[in-house]
Amino acid sequence: MNRQPSSAKTKSLLPKDLPPGPLPPALQPPLLGQLLLEWVLPEALQEPVLGDLQEEFLEKRQQNPAQARWWYRKQALRTCWHFLHQTKGDWLMFIFSLLFFIGISVWVMWLSSADSLMMFYDFPSLALIFPTALLFAVGATSRNTAQQAVAFLFEPKSGLAPVYYQQIQHFFEVLGKSGLLLGWFTTLIGIVAMANGINADNFAEAFGPSLGVCLLTLLYSYGLKTITYIAAQKVRFVAIASTTHSEL
Amino acid sequence: MPQDKFIGELEHMLLLAVLQLKDQAYGTQIRQYLADAVGRDLSIGALYTTLERLEQKGLLTGRLGEATAERGGRAKKYFELTAEGSQALLRSKQALDHLWQGVALPHAWQVDSAMMGSST
């Protein structure tokens, strides 16, 4: 077993005449691993950890490039596991709550009709609600705000100007409310169509399926409203926490 | 004796590695030293989590050093033992030495041969 510090050994294994600054792409470690680490690591540790990994990656790359890439990916995943809870715990809880909501909704749908889960799927109803509500929200705010809102869902940043949070919160509120209004509006269209299309002869066989499809838009719109409500509340919470922190 | 100044096994090893490496005590070197000296292959995440904890306890101090080409222009973070760190290490060693006094391990020959096997 070698019991000596290995700085001399490390230096001799590194490629000679490296240019100063960022390394050329051929000597860079796997990009996905780097991005994952930059996303998960606390800001203060990004420089030393990424530098350490890159130094050791170059050393291992001299012996076996494929093995070095594999080693880097493994280190990136193990390191993320250590810091994920610390830096992204709140975000994970937010995503978990959304996934739980979606999961429990699908489970209830399955319980109510195990034979045909597809009866809850109707593409025209989906197309009526989601893209239109998104267009309304972008129209009522701005494309930049929409991009910031999506970015916030992936990485809720704290400590920014209050107006940043107000705009994002406004975007989610418009998205949810316009989705809900669209749901009622399209349900009314369906009811008018049913009223005109159903008569005494076909009432028994047509009423149920028609009403079901008609109510699907309302179901989707309430689903969208629920999710955007939670997102808006998350924005509000981060904004309040940022204000409190800056006052302290 | 304050409870929070007792250190765990990994903390003990890291403090010793920092002492052994002197002015070369930064992430990669500490990780490789532990792997070479005692066969403990830590992930860089586990290493920095523990180093951060030791810094927060006041047993280590960290400072950013020079950026080098093989690190893609990123700085190293060097670690150094504080006076409290030295005290904690010494206290831990004394406690272990005290506990080891007069201990005769049952089946010691089995443990010895297992350790010999793992080191070859």
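Worth pointing out:
- For A:S178, the conditions (1) surrounded by 17 or more Cβ atoms within 10 Å (Cβ to Cβ); (2) small (G, A, S); (3) closer than 26 Å to A:G89 by Cα are fulfilled apart from (3).
- Residue within the stretch B:64-71 that is under 17 Å from the mean Cα position of the chain (by Cα) and not aromatic (F, W, Y) present: no
For every residue, the table says whether it meets (1) assigned by TED's automatic domain parsing to the domain that holds A:S158; (2) over 29 Å from the mean Cα position of the chain (by Cα); (3) of a type in the set (V, I, T); (4) under 26 Å from A:L117 (Cβ atoms).
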| residue | (1), (2), (3), (4) |
| --- | --- |
| A:I189 | yes, yes, yes, yes |
| A:N199 | yes, yes, no, no |
| A:P209 | yes, yes, no, yes |
| A:C214 | yes, yes, no, yes |
| A:L219 | yes, no, no, yes |
| A:G223 | yes, no, no, yes |
| A:T228 | yes, no, yes, yes |
| A:K234 | yes, no, no, no |
| A:I240 | yes, no, yes, no |
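- Residue in the stretch A:124-134 that is modelled with pLDDT of 95 or more and aliphatic (A, V, I, L, M) present: yes
- Pairs are defined by a Cβ separation below 7 Å, a sequence spacing of at least 6 or placement on different chains, a first member in the stretch B:73-86 that is within 14 Å of another protein chain (Cβ to nearest Cβ), and a second member that is open to solvent by 30 Å² or more (accessible area, probe 1.4 Å) and acidic (D, E); the pairs so defined are B:R74/A:E47; B:A75/A:E47; B:A75/B:E66; B:K76/B:E66.
- In the set B:T50, B:T61, only one residue is of a type in the set (S, T, N, Q), more than 7 Å from chain A (Cβ to nearest Cβ) and open to solvent by less than 40 Å² (accessible area, probe 1.4 Å); that residue is B:T50.
- Condition check for A:W91 on (1) within 14 Å of chain B (Cβ to nearest Cβ); (2) under 19 Å from the mean Cα position of the chain (by Cα); (3) aromatic (F, W, Y): one failure, at (1).
- Residues that are closer than 19 Å to A:G190 by Cβ and not in a helix (DSSP H, G or I), drawn from the stretch A:117-165: A:Y121, A:D122
- Look at (1) of a type outside the set (A, V, I, L, M, F, W, C); (2) at pLDDT 90 or above; (3) open to solvent by less than 40 Å² (accessible area, probe 1.4 Å) and you find that A:K88 fails only one, number (2).
- Filter pass, B:R31 being charged (D, E, K, R), more than 7 Å from every other protein chain (Cβ to nearest Cβ) and surrounded by fewer than 18 Cβ atoms within 10 Å (Cβ to Cβ): no
- Matching entry among B:S118, B:S92 (being part of a helix (DSSP H, G or I), more than 28 Å from A:Q75 (Cβ to Cβ) and at pLDDT below 95): B:S92
- Residue in the stretch A:63-77 that is farthest from the chain's Cα centre (by Cα), counting only those that are open to solvent by 90 Å² or more (accessible area, probe 1.4 Å) and within 11 Å of chain B (Cβ to nearest Cβ): A:K74
- Exactly one residue out of B:D41, B:D97 is among the charged types (D, E, K, R), surrounded by fewer than 18 Cβ atoms within 10 Å (Cβ to Cβ), within 11 Å of another protein chain (Cβ to nearest Cβ) and free of Cβ contacts under 8 Å to residues at least 12 places away in the same chain: that is B:D41.
- Pick from the stretch A:12-56, criterion among the hydrophobic types (A, V, I, L, M, F, W, C) and loosely packed, with under 12 Cβ neighbours inside 10 Å, ranking: modelled with the lowest pLDDT: A:A26
- The residue of the stretch A:103-137 that is least open to solvent (accessible area, probe 1.4 Å), among those that are under 16 Å from A:G179 (Cα atoms) and of a type in the set (V, I, T), is A:I129.
The values are calculated or read from the model by the stated rules, or taken from the named source; none is laboratory data. The structure presented is a predicted model; accordingly, all values stated were derived computationally and were not measured. Using ideal geometry, Cβ is built from the backbone for each residue, glycine included, and neighbour counts are taken over all protein chains shown. To get the accessible areas, we keep the full protein, side chains included, count just its heavy atoms, and leave off ligands, DNA and RNA. Shrake-Rupley method; radii C 1.70, N 1.55, O 1.52, S 1.80 Å.
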